[in-house]
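Here the structure comes first, spelled out in structure tokens, and everything after it is commentary.
Throughout, read-outs are computed from the coordinates displayed, never taken from laboratory work. Not measured: the values here are computed from a predicted model. All Cβ positions, even for glycine, are placed from backbone atoms using ideal geometry, and neighbour counts span all protein chains on display.
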Amino acid sequence: MAKKQFKTESKKLMDLMINSIYTNKEIFLRELISNASDAIDKLYFKSLTDNSSQISKSDFKILITLDPDAKTITLSDNGIGMTAEELESNLGTIARSGSLDFKTANGGNKSDEIDIIGQFGVGFYSAFMVASKVTVISRAYGSDEAWKWESSGADGYTITKTEKESVGTDIIMTIKDDTESETYSEFLDEYRIVGIVKKYSDYVRYPINMYRQKSRQKERPADAGEDYKPEYETYTELETLNSMIPLWKRNKKDVTDEEYNNFYKDRFMDYSDPSAVIVSNVEGAISYNSLLFIPSHAPYDYYTKEYEKGLQLYASGVMIMEKCADLLPDYFSFVKGVVDSQDLSLNISREMLQHDRQLLTIRKNLEKKIKNELVSLKDNEREKYESFWKNFGRQIKFGCYNMYGQDSKNLQELLLFYSAREKKLITLDEYVKNMKDEQKYIYYAAGDSTEHLEKLPAAETVLSKGCDLLLLTEDVDEFCLQVLHEYAEKHFRNINSGDLELESEEEKKAAEDAGKESRELLDAMKEALKGKVKEVKISTRLNEHPVCLSSDGPLSIEMEKILASMPNNGEKPVSDKILELNASHPVFEKLKTVFAENNTEKLGKYADILYNQARLIEGLPIEDPIEYTKNVCELM
Ligand code: ADP
């Protein structure tokens with residue numbers, strides 16, 4: 001019998017499979033099971049249109065048979081089968097050559113090879129990753145003849161007539177011998193096969209059966225004596241390996257919370273229940289089912305580079321990707337879950353997925369769903385939302401700030417910050433609703449702890465004027481607000497930067513007058529500070545304290561601190577600082593006296609001490625501790 005040669009492209013793919021160093025060889029089973037399930041679909045559909053009543057849906061099944069002695073694994077289906085011509089055209093050439101671009105593989109480069117196999121479902125030929133010989137015995141629906149296709153690889157294939165009792169296809173793979181670097185015999189192991197089926201094909205619509213070895217205790221013989229020891233025997237039992245109807249396809253009202261929670265914990269390896277479950281069943285231009293979870297705590301590696309976002313992606317019940325990152329924006333990277341669509345092809349590549357319109361639509365819908373769920377949690381279950389915020393708020397704030405704030409308007413209603421007046425977390429909306437009529441700004445202070453911030457001189461001033469104040473304690477906070485710029489047309493204002501516009505006309509005038517009067521003193525102090533501050537001026541934000549530092553321009557003192565603490569990224573930006581003095585404080589009187597004495601050296605020392613005190617209040621280090629201590633001691 002003459003061997004037929006594979007078509008050129010098939011031969012190349014075959015070579016790739018045979019010599020594959022691809023580590024994920026187990027996917028061959030997924031590919032063959034999907035083919036079997038498709039073949040059953042086709043027959044089922046035909047039976048509906050043909051009105052042939054002999055076929056009942058419950059008869060359809062896929063059977064896996066292991067024979068470790070013969071070193072074979074056989075996959076049988078009672079689907080539509082193939083005629084001799086179909087065997088020839090389907091298995092002799094690559095049906096969907098369009099989806100495979102062989103240019104990259106032509107070089108025979110190993111890394112290209114991994115790339116190709118990793119990105120494409122490789123269909124029937126993937127059997128050759130694990131098998132030295134593949135035999136396909138098939139009888140097509142409506143035919144009495146059966147045909148056998150056989151190939152040991154690249155040297156071609158044969159098709160001969162054979163016998164088969166019923167319609168369908170058997171694929172018999174003779175597993176390769178183990179080598180030093182590869183074990184193929186694992187694919188003859190019952191447990192390994194069960195694991196692979198569950199991993200990739202748990203939700204295939206038809207039962208995937210296998211005879212499994214079991215053990216049971218033999219019945220105790222009637223005449224057994226005192227010293228009878230129980231005996232065991234092995235037997236085989238047909239078991240269905242897949243659970244068939246996925247949880248995400250079931251109607252939400254038919255599934256209990258416990259089922260959802262257990263599914264989540266089991267599949268995403270968490271020990272605690274999720275804080276929210278989001279179910280969607282969408283039908284339309286694109287149809288999909290999704291089941292998403294918001295975890296109740298952050299994984300230990302969440303805020304590290306190691307954490308990988310992504311949802312499990314299924315095409316018609318078959319898993320095609322474990323972590324599809326393209327389905328989630330970074331700011332919702334904590335979401336776990338599953339998306340299943342019948343409109344996606346099993347063999348779609350990673351690159352194609354990135355640009356896939358349907359996937360993009362799904363992503364947009366999911367994003368909306370997640371956001372709505374969070375908004376509803378915030379509005380209706382505040383405690384739960386606050387706990388969510390503790391875990392993932394930082395990520396949402398990064399989301400606001402990222403990409404020049406392109407998503408900030410979408411995310412702003414999710415933000416929570418600590419209110420100095422309410423002593424709890426509040427939304428921006430809540431802040432604005434409680435603003436005084438004449439209040440112009442949303443005030444905030446940024447630093448490392450709320451306790452410290454509350455005691456800032458300017459904080460006391462803002463609060464004493466009856467305005468609330470947001471206390472920002474995370475490094476990303478102020479960057480996030482700066483990118484937002486405003487909320488409900490109210491601009492944000494750092495209490496240590498720029499004009500607070502809280503003082504009355506008289507207070508403003510008094511400060512101006514005091515400034516004019518002491519112009520020379522203030523200039524002399526600026527001079528003494530040798531470029532450390534941009535200006536020395538009379539403050540309107542001080543009540544009790546003698547001094548404070550404020551900043552001018554977009555970079556605040558807190559931001560300067562954060563940027564300085566980041567790993568080296570070249571030059572560290574520095575904020576423009578203003579030293580503010582309290583004109584009604586006794587210290588100011590003292591300054592005036594020293595200035596009147598014309599004692600430049602002494603004035604310089606005072607200026608240095610006050611400047612460093614202001615730095616301390618801001619949480620900045622003293623610039624020259626030795627000089628500072630010397631000055632203080634001298635003046636004491
Ligand atoms: P794909 O499934 O992506 O089309 P494959 O190489 O896996 O590519 O299979 C090629 C073709 O062979 C299939 O399209 C189908 O027509 C046919 N085929 C494969 N397996 C079976 C089967 N178990 N029963 C019937 N036809 C099959």
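For the cross-link pairs K465/K508; K309/K364; K532/K561; K364/K397; K369/K436; K572/K630, the ones whose C-alpha atoms lie over 24 Å apart are K369/K436; K572/K630. By other beta-carbon atoms within 10 Å, ranking D273, D178 with the fewest at the front produces D178, D273. Taking a straight line from the alpha carbon of K602, these aspartates and glutamates sit under 20 Å away, with near neighbours fewer than eight places off in the same chain left out: E520, D523, E527, E535, E580, E589, E623, D624, E627, E634. Within the range 491-576, all pairs of alpha-carbon atoms sorted by distance into 5 Å bins from zero give the percentages 2, 12, 18, 21, 20, 13, 7, 4, 2, 0. Computed about the Cα centre, the dipole magnitude for the range 350-459 is approximately 260 debye when only Lys and Arg (+1) and Asp and Glu (-1) carry charge, each at its Cβ.
Residue by residue, the range 269-286 carries 3J(HN,Hα) couplings of 6, 10, 9, 10, 4, x, 8, 8, 10, 10, 10, 9, 10, 10, 10, x, 3, 10 Hz when phi is fed to the Karplus relation 6.51 cos²θ - 1.76 cosθ + 1.60 (θ = phi - 60°); x denotes Gly or Pro. Each of D429, D301 has some number of other Cβ atoms within 10 Å of its Cβ, and from fewest to most they run D301, D429. The mean sequence distance of close C-alpha pairs (under 8 Å, at least 6 residues apart), as a share of the length of the chain, puts its relative contact order at 8 percent.
For the range 481-526, the list of GluC sites (Glu not before Pro) that fall in a loop by DSSP and count at most 15 other C-beta atoms within 10 angstrom reads E489, E501. Measure nothing but the geometry: give the 0 to 90° angle between the long axis through the Cα atoms of 190-201 and the longest principal axis through the Cα atoms of the chain, rounded to 10°. That helix lies at roughly 60 degrees to the long axis. Dividing the convex hull volume of the alpha-carbon atoms in the range 395-463 by its residue count gives 115 Å³ per residue.
Note on E85 and D273: the model spin-label points, each 7 Å out from Cα along the C-beta direction, lie 6.0 nm apart. Taking the Cα centre of each part, how many Å lie between the range 439-462 and the range 545-562? Using only Cα atoms, the two centres lie 12 Å from each other. Cross-link reach is defined here as a Cα-Cα straight distance under 27 Å, omitting same-chain residues fewer than 8 places apart; for K218 the lysines meeting it are K229.
For I538, the residues 5 or more places off, or on other chains, whose built amide H falls under 5 Å of its own are L581. Sorted into 5 angstrom bins from 0, the C-alpha pair distances of the range 505-635 split as 2, 10, 19, 23, 20, 13, 8, 4, 2, 0 percent. At the listed q of 0.06, 0.09, 0.10 Å⁻¹, the Debye profile of the chain, built from one uniform point per Cα, gives log10 I(q)/I(0) equal to -0.55, -0.86, -0.96. For the chain, the longest principal axis of the C-alpha atoms and the axis of helix 382-405 are separated by about 80°.
Once the Cα atoms are used to define both axes, helix 27-50 deviates from the longest principal axis of the chain by about 70 degrees. With neighbour counts taken as other beta-carbon atoms within 10 Å, the residues L91, L63 rank, fewest first, as L63, L91. Rg/Rh for the range 247-385 (Cα atoms only, Rh after Kirkwood) is 0.95. Near the amide H of I320, within less than 5 Å, lie the amide hydrogens of L313, Y314, A315, all on another chain or at least 5 residues away, with H placed in the peptide plane. Sparsely packed loop sites in the range 183-273 (the GluC sites (Glu not before Pro) outside DSSP H, G, I, E and B with at most 14 other Cβ atoms within 10 Å) comprise E219, E226, E231.
Enclosing the Cα atoms of the range 186-261 in their convex hull gives a volume equal to 187 cubic angstrom per residue.
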